[in-house]
Amino acid sequence: MRKIFLFFSVLLIAAALMAAPLKVAFVYVAPVGDGGWSTMHNEGRLHLERVFGDQIVTDFIESVPEGGEAEIVFRGYAQRGYDLIFGTSFGYMDPMVKVSQSFPNSTFMHCSGYMTTDNLGTYFGRMYEPRFLSGLIAGAMTKSNIIGYVAAYPIPEVIRGINAFAMGVQYVNPDAKVHVVWSNTWFDPAREKEAAESLLDIGADVITQHQDSPAPQQAAEDRGALSIGYNSDMTAFAPNAFLAAPVWNWGPFYEYVVRRVMDGTWTNEQYWGGIKDGVVDIFVGDLVPQGVAKLVMSMREAIIEGIMHPFDGPVYDQSGTLRYGKGERPSDSDLLSMDWFINNVVGKIQ
């Protein structure tokens, strides 16, 4: 009788464990209401809740600075038994590596990094693809041939995006130049608006950005210029200026990771998906002329089919050195370590 009791007790415990929801945490570098980067990651979290219902429990902490404070947050989630922890900023890399090694029973995923451990994988999107497409729009729409780019930090991710955008500009308008100002921020609306204004002061009539807030869009609208956003559709913030934006769609990827953790097939892969995978895309607003929009959609399809690449040669850097010859394309390693500007970019990598 005792053996039967023990047998059923084990079955009940096993059933309870199987029924326990997967605990999933997200750590954001900016507020979830930033209208950009963190907003889109949080949309991905909400997608999980809709898809999995009571199979998962999610939580998030917003506005977590990169560095020591981030380590405390990641460690706290792991100590509380979270099964899957997403860190959504490049500067979380070292803290996540450290914490993952201390908590082998949790799974960690780091966005935009390059370091892995046995239980830490990385993920990002080929944002340079829609960046190129947005450059087509900027090059076609500028009248002054001065295009302003409010840039975040001089890391390969940002440099790669600037160059891809500039390649798009050059494709349709060889006379236009892309002028770069660094804000050294991910989310600081006042500073980012000031940076955009400095570009407008030198005659820029199209402004784009690599930050989380819509402040550069608002600066363009205030001055009667046009703008290209980032992360999401920013029409509501600058309805008379906003043309388009390279955008993120994290939901399907987060669903993919959760399913792999649930069924035990997760590996510490380094994911880098593109437009064809659905993780990145281009949003084109109503202010873009029909002919320009058709060109963008045609080039989008060519990227998906592999017919063209945003960095198809010839590509020259600022010094006039040929980086990729005709018929050549950069490797992923080249893209991930990019530390130079192409020849129609005005500015320095600080």
Within the stretch 253-280, residues polar (S, T, N, Q) and either within 17 Å of A164 (Cα to Cα) or not in a loop (DSSP other than H, G, I, E, B) (or both) come out as Q270
The correct count of residues that are within 22 Å of the chain's Cα centre (by Cα) and within 24 Å of T142 (Cα to Cα) in the stretch 255-300 is 9
Over the stretch 203-252, the set of residues among the charged types (D, E, K, R) and either outside any helix (DSSP H, G or I) or within 13 Å of the chain's Cα centre (by Cα) (or both) is D205, D212, R223, D233
Exception for L336 within (1) modelled with pLDDT of 95 or more; (2) in the same structural domain as A166 (by TED's automatic domain parsing) falls at (1)
Per the filter on the stretch 59-83, residues of a type in the set (S, T, Y) and within 21 Å of the chain's Cα centre (by Cα) are S63
* Within the stretch 281-289, can one find any residue that is charged (D, E, K, R), out of contact with any strand residue (DSSP E or B) (no Cβ under 6 Å at 6 or more places or on another chain), closer than 15 Å to G161 by Cα and touching a residue at least 12 places away in the same chain (Cβ under 8 Å)? -> no
Taking the stretch 81-111 and keeping only residues that are in a loop (DSSP other than H, G, I, E, B), surrounded by fewer than 21 Cβ atoms within 10 Å (Cβ to Cβ) and in contact with a strand residue (DSSP E or B) (Cβ under 8 Å, 6 or more places away or on another chain), one is left with G81, D83
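The values are calculated or read from the model by the stated rules, or taken from the named source; none is laboratory data. These numbers come from a predicted model, not from an experiment. Positions of Cβ are generated from backbone atoms using ideal geometry, with glycine treated the same way; all protein chains shown enter the neighbour counts.
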